[in-house]
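One structure is given below, encoded as structure tokens.
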Amino acid sequence: FTEGKVDIDLTETTGEKYQLIPGSELKKDPTVTVVDGSEDCWLYVKVEKTHNIDNYITYEIEEGWEPLDGVADVYYRAVAKTDAVKTFAVLKNNVVKVETSVDMDDMSTIATANPELKFTAYAIQKANTGTAAEAWTAASFN
């Protein structure tokens, strides 16, 4: 017998602190990699937002990620052991955009609230797990 395993890495090279300037684009590049040698898997990314950050920024999820039915802000994709590409950007064009409507009152709120946009990656072997939603529930990632 040999073990089956799934290893993943979540990296971001663009930093942790960003200055929100109305109308600007900020580089943000969360990237998930399924490590070579991993079994076929369901790969997930969870987006967590604090302090009404949606009032200040917009972003799009990169193509290839599907919203997980019934679970807000969780996206998934199937990754095969034989796939040539196993590294996936989370955000389209690796950017977030600051709303042009952000004003001085918003800036005061932002300064005291310290809003965050956080990404967490999860994976589970695909064999015998059913759909992506069933696997998510069974793994208790919530």
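The values are calculated or read from the model by the stated rules, or taken from the named source; none is laboratory data. All values derive from a computational prediction rather than experimental measurement. Positions of Cβ are generated from backbone atoms using ideal geometry, with glycine treated the same way; all protein chains shown enter the neighbour counts. Heavy atoms of the whole protein, side chains included, go into the accessibility calculation; ligands, DNA and RNA do not. Shrake-Rupley method; radii C 1.70, N 1.55, O 1.52, S 1.80 Å.
Side notes on the structure shown:
- Each label point was placed 7 Å from the Cα along the Cα-to-Cβ direction; for MET104 and VAL35 their separation is 5.2 nm.
- Extension gain, GLU63-LEU10: 0.36 nm per intervening residue step, less the Cα-Cα distance, totals 17.3 nm.
- Here each label is just a point 7 Å from Cα along the line to Cβ, and for GLU134 and TYR18 those points are 3.7 nm apart.
- ³J(HN,Hα) computed for each position of the range 38-52 - Karplus, 6.51 cos²θ - 1.76 cosθ + 1.60, integer Hz, glycine/proline x: 6, 6, 3, 8, 8, 10, 10, 9, 10, 9, 10, 10, 10, 6, 6
- Once the Cβ-Cβ distance of LYS118 and ASP83 is raised to the sixth power relative to R0 = 30 Å, the FRET efficiency obtained is 0.70.
- GNM flexibility winner over the chain from SER108, SER24, SER38 (Cα, springs under 10 Å): SER108
- Model label zone, GLN125; criterion: amide N under 17 Å from point 7 Å along Cα-to-beta-carbon; scope the range 1-37: 1-8, 35-37
- Protein heavy-atom accessible surface, 1.4 Å probe, per residue over the chain: 60 Å².
- Sequence-distant contacts, meaning Cα pairs under 8 Å at least 6 residues apart, place the relative contact order of the chain at 36 percent.
- Gaussian network model of the chain, springs between alpha carbon atoms under 10 Å - residue of THR131, THR100, THR112 with greatest fluctuation: THR112
- Element breakdown for the chain at a 1.4 angstrom probe: carbon and sulfur atoms account for 46% of the accessible area.
- Nearest 10 degrees, 0 to 90: helix 104-113 Cα axis against the chain principal axis: 50
- Evaluated at q = 0.15 Å⁻¹: base-10 log I(q)/I(0), Debye formula over Cα of the range 1-50: -0.60
- Set of lysines with alpha-carbon distance to LYS49 below 21 Å, sequence-local pairs under 8 removed: LYS17, LYS27, LYS28, LYS92, LYS97, LYS118
- GNM top mover of PRO67, PRO30, PRO115 - the chain, alpha-carbon springs below 10 Å: PRO115
- The chain: C-alpha pair distances exceeding 24 Å, %: 38
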